[in-house]
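Colleague: Handing you a structure now.
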Amino acid sequence: MLVVAPGMPDAQRRIDGWFAQQERAHFTDRRYAVLLKPGAHRLDINVGFFTQVAGLG
């Protein structure tokens with residue numbers, strides 16, 4: 001699970017790494033969640049298998 005605050009410096013890199021692992025991983029047991037704290041986020045979030053994205057607020 002990754003909780004992202006606006007302006008978090010390494011968020012895009014970490015999210016991109018998760019997507020690279022999950023893009024074709026439909027038979028894996030890994031699960032990921034990205035939780036976005038309130039505010040403006042400048043992120044491009046690709047969602048692979050077993051990945052959830054939610055806003056908190």
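What follows is calculated from the coordinates using simple rules that are stated; it is not laboratory data. A quick note: this is a predicted structure, and the numbers were derived from the prediction, not measured. Because the Cβ atoms are built from the backbone with ideal geometry, glycine has one as well, and the counts that use them run over all protein chains shown.
Colleague: Hey, can you grab everything whose amide H is under 5 Å from the amide H of LEU36? Only 5+ residues off in sequence or another chain; H modelled, so Pro and N-termini drop out.
Modeller: Result for LEU36 returns VAL4, ALA54, GLY55, LEU56.
Colleague: With an 8 Å Cα cut-off and a minimum separation of 6 or more residues, compute the relative contact order for the chain in percent. Can you show the working numbers first?
Modeller: On the way: 84 pairs, mean separation 25.6, N = 57.
Dividing the mean separation by the residue count of the chain yields 45 percent.
Colleague: Is there a quick way to get the dipole size of region 2-55? I mean about its Cα centre, with the Cβ of Lys and Arg at +1 and of Asp and Glu at -1; what is the value in debye to the nearest 20? Write out the running numbers ahead of the final one.
Modeller: Numbers: 7 positive and 5 negative charges, 19 e Å.
In debye, rounded to 20, region 2-55 gives about 80.
Colleague: Separate question: Measure nothing but the geometry: give the 0 to 90° angle between the long axis through the Cα atoms of 11-22 and the longest principal axis through the Cα atoms of the chain, rounded to 10°.
Modeller: 10
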